[in-house]
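The values are calculated or read from the model by the stated rules, or taken from the named source; none is laboratory data. These numbers come from a predicted model, not from an experiment. Cβ: placed from backbone, ideal geometry, glycine included. Neighbour counts: every protein chain shown.
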Amino acid sequence: MYSYANKRIRIREETPTLRSHDFDEIIHPYSPIEAIREAERCNQCALPYCIEACPISQDCRGYVTLISQGKFDEAAKTVLFANPMASSLCKACYHYCETACIRGNRGLPVAIRHLKRAALEYGDSDLEYASAARLGFQVAVIGGGPAGIMAAWELALRGYSVTVFEQDSQFGGQMGAIPRYRLDGSELEKDMHRLRGLDIRFHTGRKAGTDFTPESLLKEGYEAVYVAIGTSAHRELGIPGEEKPGVYPALEFLKEANRGAPPEVGKRVVVVGGGDVAMDAARTSLRLTNGGQVVVAYRRTREEMPAEKEEIKETVDEGIEFLYLAAPLEIRGKDRVEGVVFQKMKLSEPDASGRRSPVPIPGEEEFVPCDSVIAAVGQKADMIGFSRELGLAAGSQGAPEGKLPGFSTGVEGVFASGGKSIVFAMAAATKAAEAIDAYVSRKHGLSPHPRPHPFGDRESVPVPSGYTGPSWHF
Ligand SMILES: Cc1cc2nc3c(=O)[nH]c(=O)nc-3n(C[C@H](O)[C@H](O)[C@H](O)COP(=O)(O)OP(=O)(O)OC[C@H]3O[C@@H](n4cnc5c(N)ncnc54)[C@H](O)[C@@H]3O)c2cc1C
């Protein structure tokens, strides 16, 4: 057994100076031997906190153990048992498992996400999912993001015929905005290729609310409809000048950059916002300005920034500047953006919950010249064309949801959910898919169908020993 159990095997990444000029991937995978060494650090806890912290209850301990034994094929299969989007998640997951890893109490947690990547890189990961016997029931899914894809997988495995309607020309939802230095674009293709044996039809360019509605799909003969439309519309800054050429919503900006057609940003960019999307927009802008200047403006201080600490550090390391305690007042410019006027702010005394709000300092303003502005102040669902009867409302994770436990809406047979991250969206989809299966089965006098073995084997997938249930709740 490797003796330096508290010392994580170093993850190789590009230096800030090199990486900030192009969109090449920053993180390099472990070599097989490095992966085995890192996997040997796993404590093999009798109570698997990592599995309980994972929204889709992946058997992290199981695949880490297999890697420590050099069994990469078996590790890849274990990863893919519960995770049909593993190629994407092995690079982009927020790794809730690692936060729960007890190795993190004294040193760095086991690099579980990185080991997942090793399993898929060095093991046979081009497996094909197989469905149980066809049930002869059709279900429609609206939205081709992680929640929609996960629900399609869950239902098709059970033998349903699934049709996914996506408004965009590409699948992946917000994942399509994750910059190429984190996801190079090939990952979703690999994930979707494993679905090739399932009865799923994918349609792009079909928008619910315009081309059809959940109710019209029910009338067409679908037994149930799952609405997984996420948060694809941007929140506006709500200030004068926002309509000027050179102002871009972050989500669209990032998707266009990934598709090789970024808008013209010039040499100086101001990004407004303090979340992960703002960091991605700033770092993408920096790469597009070719040595220009990027400023992130946020109305509170670095301590209150909602972005992941790791993301903020990487953004700072790349040379992006931060303007704290600044709220945008007006975007100025004649024919296009020439700069932003910011109201200087201060933090109030803590309220009862201990939270300090930003309040304006009267008369203190600052003009920041720039060629473009990227608004990264949040997203919301576009629910235009969805009926009031559905009762869709943004849930705690932002996306429109039905009611718990199964995310059913006000219209019988229609379910809705989504998530604050890829893996939470997948977990929300699993819950909805189970409810859809229970609903359709009940309607036809059948028992619900538990998720069958995803590779068509006879035996069922065993529950990891010591697993007591998820440590999180919707
Ligand atoms: C820039 C950025 C970076 C991110 N980075 C990470 C990360 O590193 N790790 C992580 O875990 N999460 C990350 N996230 C969050 C993650 O991508 C989302 O939480 C996740 O995609 C939500 O999945 P979803 O399926 O619920 O919704 P979405 O991804 O929003 O998918 C909804 C889909 O429905 C489609 N749709 C919407 N309305 C309609 C309609 N009327 N008809 C038909 N189709 C419709 C949309 O086009 C979209 O494809 C990031 C998000 C962004 C924006």
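Summary of values
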{"read-out": "Residue list for region 78-105, filter: in a helix (DSSP H, G or I) and more than 30 Å from Ser131 (Cβ to Cβ)", "value": "Glu98, Thr99, Ala100, Ile102, Arg103, Gly104, Asn105"}
{"read-out": "Scope region 154-170; condition touching a strand residue (DSSP E or B) at 6+ places or on another chain (Cβ under 8 Å) and more than 7 Å from the ligand (Cβ to nearest atom); matching residues", "value": "Leu155, Ala156, Tyr160, Ser161, Val162, Thr163, Val164"}
{"read-out": "Number of positions in region 365-397 that are under 27 Å from Pro306 (Cβ atoms), within 16 Å of the ligand (Cβ to nearest atom) and not polar (S, T, N, Q)", "value": "13"}
{"read-out": "Every residue from region 379-397 that is closer than 30 Å to Asp280 by Cβ and buried (at least 17 other Cβ atoms within 10 Å of the Cβ)", "value": "Gln379, Ala381, Asp382, Met383, Phe386, Leu392, Gly395, Gln397"}
{"read-out": "Candidates Tyr248, Tyr181 - the one that is assigned to a strand (DSSP E or B), surrounded by 16 or more Cβ atoms within 10 Å (Cβ to Cβ) and within 16 Å of the ligand (Cβ to nearest atom)", "value": "Tyr248"}
{"read-out": "Output for region 139-156, where each listed residue is more than 14 Å from Thr204 (Cα to Cα) and touching a helix residue (DSSP H, G or I) at 6+ places or on another chain (Cβ under 9 Å)", "value": "Val139, Pro146, Ala147, Met150, Ala151, Ala152, Trp153, Glu154, Leu155"}
{"read-out": "Positions within region 229-245 being within 11 Å of the ligand (Cβ to nearest atom) and either within 30 Å of Leu329 (Cβ to Cβ) or surrounded by fewer than 16 Cβ atoms within 10 Å (Cβ to Cβ) (or both), in sequence order", "value": "Thr231, Ser232, Ala233, His234"}
{"read-out": "Residue tally, condition part of a loop (DSSP other than H, G, I, E, B), away from the ligand (no atom under 16 Å from the Cβ) and crowded, with 18+ Cβ neighbours inside 10 Å, over region 409-451", "value": "3"}
{"read-out": "Test: residue in region 101-116 that is surrounded by fewer than 19 Cβ atoms within 10 Å (Cβ to Cβ) and closer than 14 Å to Cys54 by Cα", "value": "no"}
{"read-out": "Candidate set: region 186-228, residues that are of a type in the set (Ser, Thr, Tyr) and away from the ligand (no atom under 11 Å from the Cβ); chosen: the one surrounded by the fewest Cβ atoms within 10 Å (Cβ to Cβ)", "value": "Ser186"}
{"read-out": "Pair list, Cβ < 6 Å and 6+ apart or interchain, from region 182-194 residues that are within 15 Å of Gln170 (Cβ to Cβ) to residues that are within 13 Å of the ligand (Cβ to nearest atom)", "value": "Leu183/Lys91; Leu183/Ala92; Glu187/Ser88; Leu188/Ser88; Leu188/Gly172; Asp191/Met85; Asp191/Ser88"}
{"read-out": "Any chance Gly144 is within 7 Å of the ligand (Cβ to nearest atom), part of a helix (DSSP H, G or I) and either surrounded by fewer than 22 Cβ atoms within 10 Å (Cβ to Cβ) or not hydroxyl-bearing (Ser, Thr, Tyr) (or both)", "value": "no"}
{"read-out": "Breaking point among (1) of a type outside the set (Phe, Trp, Tyr); (2) touching a helix residue (DSSP H, G or I) at 6+ places or on another chain (Cβ under 6 Å); (3) within 23 Å of Phe367 (Cα to Cα); (4) at pLDDT below 95, for Val296", "value": "(4)"}
{"read-out": "Residues of region 454-468 that turn out to be under 18 Å from Gly62 (Cα atoms) and surrounded by fewer than 15 Cβ atoms within 10 Å (Cβ to Cβ), as a count", "value": "7"}
{"read-out": "Selection within region 258-285 - part of a helix (DSSP H, G or I) and crowded, with 23+ Cβ neighbours inside 10 Å", "value": "Val277, Ala278, Met279, Asp280, Ala281, Ala282, Arg283, Thr284, Ser285"}
{"read-out": "Selection count, region 161-186, where residues are aromatic (Phe, Trp, Tyr) and within 21 Å of Ala208 (Cα to Cα)", "value": "2"}
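Residue-by-condition table, conditions (1) more than 22 Å from the chain's Cα centre (by Cα); (2) modelled with pLDDT of 95 or more:
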residue: Cys101; (1), (2): no, yes
residue: Ala133; (1), (2): yes, no
residue: Gln138; (1), (2): yes, yes
residue: Tyr160; (1), (2): yes, yes
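Matching residues to (1) loosely packed, with under 15 Cβ neighbours inside 10 Å; (2) assigned to a helix (DSSP H, G or I); (3) acidic (Asp, Glu):
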| residue | (1), (2), (3) |
| --- | --- |
| Pro29 | no, no, no |
| Ile33 | yes, yes, no |
| Glu38 | no, yes, yes |
| Gln44 | yes, no, no |
| Leu47 | yes, no, no |
| Glu52 | no, yes, yes |
| Gln58 | no, no, no |
| Val64 | no, yes, no |
